[in-house]
């Protein structure tokens, strides 16, 4: 049983998952003491997965003290539980950890289905711990800079929000089957895997000035119906979308258009968002993540702003001005913010015992934020099924 309740004690972290996202977040945890010395102290206590040999290798490479093949065996030994497993494993471990009084950080999308996402949101509402969802693109310095411009009124009234996320890793019809192609395991395809990022980023950037998304119209398409199972002669059906498009209407009347595809030949990881307002516009592409294209005032066109000054969000923690950062650094930023909120919540908890009712640190995107994204994804799917616009409650 973890006994590190004192605000001065290191946070004991357990991580479920050691592949793509496990590696990304473990790298972030390792970087924090070097570049964010004010971040809370963290012990990488246990890494969790099914393959004992692979786990042992991951623990050594990622700096974890121990391994476990069942999250239930170690949930009481940590303060913070990172759920980085496949989508169908998000709900049960995360809810159990919250009910056990742990802080939980879960990869996106929050869950494969809206019902499971709702259960996770409700568990977070009832819990004492911080519950965060890993939408890492909120923490790109250029995105933070863009949000400041929008909320300062530099773009005026928001009229258009356009977002796309294009990849090409499934263009080959013989590309192997994986869990991301199974509706029961993933929930959806490009919509949940990529579209969730776009919808969250749109809400993050313009939610304060344009309001919520009120209705959507969506279309989902699967281009290849079955794929080969690795190391076998078998094929499995693809039961999720390969691409989606959606239209949206915001509370202030702004129009949105979103799309994502795993079949966009020539695009490796192209996440682009454009915001157009009455006084100006901006454009961001993940493939040029240190830059923001901005058009404001009487200027005739866009200006490229290199968001690498010391005064720009997070940049002072890294290299001298003008030295760019990369994709991995977004995970460092979000882990810093999440763990800082955890430390503040723990400190507030110790004060509460002395009569202070302050709950303490907050982190966004929270499970509440992630549930609201899931509502929009679900509405896009329902629109595709019905062929009609769907209004969000």
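The values are calculated or read from the model by the stated rules, or taken from the named source; none is laboratory data. Note that this is a predicted model, so its numbers are computed, not measured. Here the Cβ is made from the backbone with ideal geometry for all residues, glycine too, and neighbour counts use every protein chain on show.
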On the basis of being touching a strand residue (DSSP E or B) at 6+ places or on another chain (Cβ under 8 Å), closer than 24 Å to residue 268 by Cα, surrounded by 17 or more Cβ atoms within 10 Å (Cβ to Cβ) and assigned by TED's automatic domain parsing to the domain that holds residue 306, does residue 206 make the cut?
no
Subset of the range 287-324 (residues that are in contact (Cβ under 8 Å) with a residue 60 or more places away in the chain and over 28 Å from residue 158 (Cβ atoms)):
317, 318
Kindly check whether there is at least one residue in the range 185-208 that is at negative phi, without any contact (Cβ under 8 Å) to a residue 60 or more places away in the chain and in a loop (DSSP other than H, G, I, E, B).
no
Residues that are under 23 Å from residue 196 (Cα atoms) and touching a strand residue (DSSP E or B) at 6+ places or on another chain (Cβ under 6 Å), at least 1 per element: which helices (runs of 4 or more DSSP H) completely within the range 3-104 meet that?
20-35, 91-99
Taking the conditions exactly as written (farther than 26 Å from residue 381 by Cα, surrounded by 14 or more Cβ atoms within 10 Å (Cβ to Cβ), touching a helix residue (DSSP H, G or I) at 6+ places or on another chain (Cβ under 7 Å) and at pLDDT 95 or above), does residue 344 satisfy them or not?
no
Can you spot a residue in the range 323-338 that is in contact with a helix residue (DSSP H, G or I) (Cβ under 6 Å, 6 or more places away or on another chain) and outside any helix (DSSP H, G or I)?
no
Regarding the range 326-333, can at least one residue be identified that is over 24 Å from the mean Cα position of the chain (by Cα) and free of Cβ contacts under 8 Å to residues at least 40 places away in the same chain?
no
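Yes or no, residue by residue, for (1) farther than 23 Å from residue 382 by Cβ; (2) outside any strand (DSSP E or B); (3) free of Cβ contacts under 8 Å to residues at least 60 places away in the same chain; (4) not assigned by TED's automatic domain parsing to the domain that holds residue 179:
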| site | (1), (2), (3), (4) |
| --- | --- |
| 245 | no, no, yes, no |
| 249 | no, no, yes, no |
| 252 | yes, yes, no, no |
| 256 | no, no, no, no |
| 259 | no, no, no, no |
| 266 | yes, yes, no, no |
| 274 | yes, no, no, no |
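Residues checked against (1) farther than 22 Å from residue 211 by Cα; (2) crowded, with 24+ Cβ neighbours inside 10 Å:
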{"position": "102", "(1), (2)": "yes, yes"}
{"position": "119", "(1), (2)": "yes, no"}
{"position": "141", "(1), (2)": "yes, no"}
{"position": "155", "(1), (2)": "no, yes"}
{"position": "159", "(1), (2)": "no, no"}
{"position": "164", "(1), (2)": "no, no"}
{"position": "169", "(1), (2)": "yes, no"}
{"position": "173", "(1), (2)": "yes, no"}
